[in-house]
Amino acid sequence: MNSTSKPPLLRVDGLRTVFALPDGREVAAVSDVSLALNAGETLGLVGESGSGKSVTALSILRLVMPPGRIAAGRIHFDGQDILALDEAALRTIRGRKIGFIFQEPMVALNPVYTIGQQIAETLAVHRIARGAAARAKAIQWLEAARVPDAARRATEYPHQLSGGLRQRAMIALALCAEPSLVIADEPTTALDVTVQAEILDLLRELRASLGLALLLITHDLGVVAEMADRVAVMYGGRIVEDGPVGDVFRTPAHPYTQGLLACLPGTSDGRRLTVIPGTVPSLGQFPAGCAFAPRCPHRLGACDVAPPATTSIGADRRVRCVLHESATGVTS
Ligand SMILES: Nc1ncnc2c1ncn2[C@@H]1O[C@H](COP(=O)(O)OP(=O)(O)OP(=O)(O)O)[C@@H](O)[C@H]1O
Ligand code: SF4
Ligand SMILES: [Mg+2]
């Protein structure tokens, strides 16, 4: 998956996460997802709503709740087998070694504690600092996240902050234990365009100063182009194409990636991935073959038989599409 000899910081192999439907059937929201992320690297995970991006992120953190469960695959992070860890070991990893930032800060922030208390509590839980030292460090982290008047804001509750400030507070909370990986799930989608740009700048700056690896989940290919080293495109619960951002954007191989890029007229509000005709099939409604087939302009008979295998199409590039399948290139 990567050209360096060091094992990647995060490696996901053949992940399958299923949900039980009310009728008792179990269906996969994520199928055969493999990805790798090196220390300090940013991977953009992109795809339309319902493609399985958040379920992938939750699986990596082992936060999938019933009726969902991880049914197959391996997840290795920093030398540890995430699927083999007990809850206590997982709590050490979550927040301490892997920070997470969600689209809606109110989900991550506790409404009954002040921002400063929450950061100080995280520092205490992870045995980084306690008491007055933790409170002082909390203010420093709010300053690092460019929260103006941080000492006063630290004493405020989440609902007292604007959306942009809440997102900065959540970034401070996610980073205060100095994790080596941050998973950011649509970190700017709920914000207006100016604030979005400020938050992305902040993430870029902190990523560089802390040497973070970033798994950045987004609908927005413009964000991927600006922020990511590599991109993985998801559709119907599978990664259908991945590779270095420049290569994938220059020569997209999968018809879905081609469609997404064709929908990019270059204006900021044209970047939303809404223009490919048709919609992502809902859970349990995937076709037997390629999930993209009902929307694909290149559909062949073979596309409806079974989901295409992953084919290697060059240095660090893979695609899942029968148009690229060959006896030598199929890797899974
Ligand atoms: N708790 C759940 N119970 C049942 N189905 C779920 C659950 N969570 C997610 N799903 C289903 O899994 C599929 C993937 O959802 P997921 O949230 O990962 O999509 P996403 O790519 O993050 O979309 P979005 O861009 O809208 O956030 C969807 O069909 C969704 O309905
Ligand atoms: S496998 Fe077939 S239907 Fe799927 S993207 Fe490729 S050409 Fe289109
Ligand atoms: Mg999501």
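The values are calculated or read from the model by the stated rules, or taken from the named source; none is laboratory data. Computed from a predicted structure; not experimentally measured. Don't worry about glycine lacking a Cβ; one is built from the backbone with ideal geometry, like all the others, and counts go over all protein chains shown.
Things worth noting here:
- Residues that are in contact with a strand residue (DSSP E or B) (Cβ under 9 Å, 6 or more places away or on another chain) and among the polar types (S, T, N, Q), drawn from region 93-113: 103
- Flag if residue 206 is at pLDDT 95 or above, among the hydrophobic types (A, V, I, L, M, F, W, C) and closer than 24 Å to residue 91 by Cβ: no
- Cβ-Cβ under 7 Å pairs, at least 6 apart or on other chains, region 230-258 side closer than 17 Å to residue 37 by Cβ, far side among the basic types (Lys, Arg) and within 16 Å of ligand 1 (Cβ to nearest atom): 234/53
- If the condition is being touching a residue at least 60 places away in the same chain (Cβ under 8 Å) and over 27 Å from residue 178 (Cβ atoms), then region 18-45 contributes 19, 21, 25, 27, 28, 29, 30, 31, 32, 33, 34.
- If only residues of region 128-165 that are out of contact with any Asp or Glu (no Cβ under 9 Å at 6 or more places or on another chain) and of a type in the set (Lys, Arg) are counted, the one that is surrounded by the most Cβ atoms within 10 Å (Cβ to Cβ) is 153.
- Residue count for region 1-60, restricted to those that are more than 9 Å from ligand 1 (Cβ to nearest atom) and part of a loop (DSSP other than H, G, I, E, B): 17
- Of the residues examined, residue 253 is not one that is away from ligand 1 (no atom under 16 Å from the Cβ) and either at pLDDT below 95 or surrounded by fewer than 18 Cβ atoms within 10 Å (Cβ to Cβ) (or both).
- Some residue of region 216-228 being within 30 Å of residue 135 (Cα to Cα) and at pLDDT 90 or above: yes
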